[in-house]
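No lab work stands behind these numbers, since they all come straight from the coordinates. Since we're looking at a predicted model, the values are computed, not measured. Cβ placement follows ideal geometry from the backbone for every residue including glycine, while neighbour counts extend to all protein chains displayed.
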Amino acid sequence: FVPTTTNFRSANRWTIKAKDTSFTRNLMMKLGADDKVILIGVAADSGCGKSTFMRRLTNIFGGSNVGPLGGGFDNGGWETNTLVSDTTTVICLDDYHANDRSGRKVTGRTALEAAEQNFDLMYEQLKALKEGKTVAKPIYNHVNGTLDRPEEVVPTPIVIVEGLHPWYDARVKDLLDYTIYLDISDEIKRAWKIQRDMAERGWTLEQVEAEIEKRKPDFNKFVGPQKEVADSVIQVLPTELTNDPEGKILRVRLIQKETGDYQPVYLFDQGSTVSWIPCGTKLTCSYPGIKLGSGPDRWFDNAVNVVEMDGQFDKLEELAYVEKHLGNTASKYDGEITAQMLKNKGAPGTLNGSGLFQTIVSLKIREVYEKLSGKKVDASVKAPVAA
Ligand SMILES: Nc1ncnc2c1ncn2[C@@H]1O[C@H](COP(=O)(O)OP(=O)(O)O)[C@@H](O)[C@H]1O
Ligand SMILES: O=C(COP(=O)(O)O)[C@H](O)[C@H](O)COP(=O)(O)O
């Protein structure tokens, strides 16, 4: 089941027919009795690229065996926010909204308020999944704003929960083995949300702009503070290489705490501060080019290591030249990052640091799973056979 545009109802949702369900479900690696399930949290505001990142990650883990879970309790067409590969399941936490859109009109609260989330059910079901149990998870329909009939979710070795509040509730936070926050600058986030909500959720420009304004206080109160305690942050900022009013060229920073299971990615040599413009005979660059950096930094009260990229590639295959100078990437062979990026070259952000660091973080999640479970996960794109 290779995702195609015809399977997309929106960036967040897949529409499939019942026949795909068994195919998708049969792909999933069956958990052994002693198998450990690790739980990863991905947090960000609405429109920040969580679903886009999760599709890239699911493709990286599952090779071509990727698809929507589907499998609801009826056998008609089925819509789901849940994405699976043979090793991973991605759950959208909007499915734990306490009310549907009409219910929020009654309460007068936005979807970003903590009081609008069913944290008791979220904790109960994520705890069950981590214990290897199957759950009947509700589905939030982003197109018509309703809470749809539940779908059966069977745990895979890696379960990723993405949404507005993955570690807002202390009980859920304690279940998470690793956390990633997507910190997108206001102007870029606004452009992405407008683009998506108009194209895929049927909103008008005026409606999306009004919703963005209405939600700001609740974002600052309930969602944004999670970034201070995340294990890593992918930060997307406007470029510093040139004046770019359209926000098409991105400066992307991977901000990483060092934890027992996570050794930060670096450029050239660990702990040094490096700034590198790789454009030249090995890397083709059109204006304004590419600038990479790496080194120790601070993130709120934490010592961190940052690796960053400003600008974009012209030729993705030349990424292998940059990849050679990255350390601690958790790749299983020289060139795996480039190979995974080429496999997902149609995804948004592929030519800039957002696709690069999402790919690296996906490989690091694989490494965290291997460290915690003692199991191995093969690279889904095999190393080229030496000539
Ligand atoms: N790295 C990126 N570069 C450019 N556009 C992106 C990137 N990531 C996401 N987008 C776009 O931003 C919009 C919102 O992305 P989405 O993944 O739906 O966000 P979320 O799931 O956080 O609400 C979509 O139109 C998507 O194509
Ligand atoms: O903002 C989000 C998160 O979705 P995402 O992160 O995918 O944008 C809410 O789930 C919906 O917007 C609900 O409100 P409504 O359906 O009324 O917009």
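Can you give the local net charge around residue 137? Use residues other than it whose beta-carbon is closer than 9 angstrom to its beta-carbon, Lys and Arg +1, Asp and Glu -1.
Values: positive: none; negative: 95, 151, 152.
In short, -3.
Are there any trypsin sites (Lys or Arg not before Pro) in region 269-300 that are in a DSSP loop and have at most 12 other Cβ atoms within 10 Å? List them by number. Don't jump to the answer; show the numbers that get you there.
Numbers: sites: 282, 291, 298; in loops: 282.
Hits after loop and neighbour filter: 282.
Would you mind telling me the antiparallel percentage of the DSSP bridges in the chain, rounded to 5?
Numbers: 46 of 66 bridges.
Around 70 percent antiparallel, to the nearest 5.
So if a site counts as exposed when it's one of the chymotrypsin sites (Phe, Trp or Tyr not before Pro), its DSSP state isn't H, G, I, E or B, and it has at most 15 other Cβ atoms within 10 Å, what's the longest stretch of the chain without one? Before the final figure, lay out each step's value.
Working: sites that count: 73, 268, 300, 333.
The longest uninterrupted stretch comes out as 74-267.
Pairing the Cα long axis of helix 119-130 with the longest principal axis of the chain, what angle in degrees results, from 0 to 90 and rounded to the nearest 10?
70 degrees
Leaving out same-chain residues fewer than 8 places away, which aspartates and glutamates sit with a Cα under 20 Å from that of residue 214?
45, 94, 100, 113, 116, 183, 186, 187, 197, 206
What does the charge count around residue 117 come to, taking other residues whose C-beta lies under 15 Å from its C-beta (Lys +1, Arg +1, Asp -1, Glu -1)?
Values: positive: 101, 104, 109, 137, 171, 173, 215, 221; negative: 45, 94, 95, 100, 113, 116, 120, 124, 162, 169, 218.
Computed value for this residue: -3.
Cysteines without a disulfide-compatible partner in the chain, using Cβ under 4.7 Å as the rule?
Flagged as lacking a Cys partner: 48, 92.
Using the alpha-carbon atoms, what tilt in degrees (0 to 90, nearest 10) does helix 50-62 show relative to the longest principal axis of the chain?
Roughly 80 degrees between the two axes.
Please rank 105, 36, fewest neighbouring Cβ atoms within 10 Å first, as an exposure proxy.
Values: 105 11, 36 16.
Ranking 105, 36 by Cβ neighbours within 10 Å, fewest first, gives 105, 36.
Could you calculate, for region 278-387, the ratio of the Cα radius of gyration to the Kirkwood radius, expressed as Rg to Rh? Please report the intermediate quantities before stating the final value.
Values: Rg = 15.0 Å, Rh = 15.2 Å.
Rg divided by Rh gives 0.99.
With +1 on each Lys and Arg Cβ and -1 on each Asp and Glu Cβ, how big is the dipole of the chain about its Cα centre, in debye rounded to the nearest 20?
Numbers: 49 positive and 53 negative charges, 129 e Å.
Once rounded to the nearest 20, the dipole reads 620 debye.
Name the residues whose placed amide hydrogens come within less than 5 Å of the amide hydrogen of residue 91, ignoring near sequence neighbours (fewer than 5 apart) on the same chain.
The list, which skips near neighbours in sequence, is 160, 161, 162.
For the chain, what does -39500 (n - 2.57) per DSSP helix run (n ≥ 4), summed and divided by total residues, give at 222 nm, in deg cm²/dmol to the nearest 500? Before the final figure, lay out the partial values.
Working: 10 runs with 112 residues, N = 387.
Theoretical 222 nm ellipticity from helices: -9000 deg cm²/dmol.
Please enumerate, by chain and number, the lysines with C-alpha under 18 Å from the C-alpha of residue 227, excluding those fewer than 8 residues away in the same chain.
Partners within reach: 50, 173, 189, 216, 257.
Got a sec to turn the phi values of region 230-245 into Karplus ³J(HN,Hα) couplings, 6.51 cos²θ - 1.76 cosθ + 1.60 with θ = phi - 60°, whole Hz, x for Gly and Pro?
3J(HN,Hα) across region 230-245, in whole Hz: 5, 5, 9, 10, 9, 9, 10, 10, x, 5, 9, 7, 6, 7, 9, x.
Under the rule of at least 5 residues apart or a separate chain, name every residue whose amide H is placed under 5 Å from the amide H of residue 181.
It is 43, 232, 233, 234, by chain and number.
Using alpha carbons only, how many degrees (0 to 90, rounded to 10) separate the axis of helix 186-201 from the longest principal axis of the chain?
50 degrees
Once phi is turned into θ = phi - 60°, what whole-Hz ³J(HN,Hα) does the Karplus curve with 6.51, -1.76 and 1.60 give for every residue of region 85-100, x standing for Gly and Pro?
Listing the rounded values in order: 10, 5, 10, 10, 10, 10, 10, 8, 6, 4, 5, 9, 4, 6, 10, 8 Hz.
Work out how much length residue 121 to residue 221 would gain on full extension: take 0.36 nm times their residue separation and subtract the Cα-Cα distance, in nm to one decimal.
On the way: separation 100, 0.36 × 100 = 36.00 nm, distance 2.20 nm.
Gain on stretching residue 121 to residue 221: 33.8 nm.
Taking the beta-carbon count within 10 Å as an exposure proxy, list 198, 54 from fewest neighbours to most.
Details: 198 14, 54 24.
So the residues, fewest neighbours to most, are 198, 54.
Taking 0.36 nm per residue of separation and subtracting the Cα-Cα distance, what length does fully extending residue 173 through residue 321 add? Working shown, then result.
Details: separation 148, 0.36 × 148 = 53.28 nm, distance 3.82 nm.
That pair, residue 173 and residue 321, stretches by 49.5 nm at full extension.
Of all GluC sites (Glu not before Pro) in region 109-183, which ones are in loop regions per DSSP and have a Cβ with at most 13 other Cβ atoms within 10 Å?
Sparse-neighbourhood loop GluC sites (Glu not before Pro): 131.
Debye calculation, C-alpha points only, no solvent: report log10 I(q)/I(0) for the chain at q = 0.08, 0.11, 0.13 Å⁻¹, in the same order as the q values.
-0.39, -0.77, -1.11
So which lysines can residue 332 reach, going by Cα to Cα under 19 Å and dropping same-chain residues fewer than 8 places off?
Cα-Cα hits under 19 Å: 324, 343, 364, 371, 375, 376, 382.
Any idea how far apart residue 332 and residue 34 come out in nm if each label point goes 7 Å out from Cα toward Cβ?
Placing both labels 7 Å along Cα→Cβ, they lie 2.2 nm apart.
Neighbour counts of other C-beta atoms within 10 Å: give me 87, 284 arranged from fewest to most. Could the numbers behind the result be given before it?
Numbers: 87 23, 284 13.
Arranged by neighbour count, lowest to highest, 87, 284 become 284, 87.
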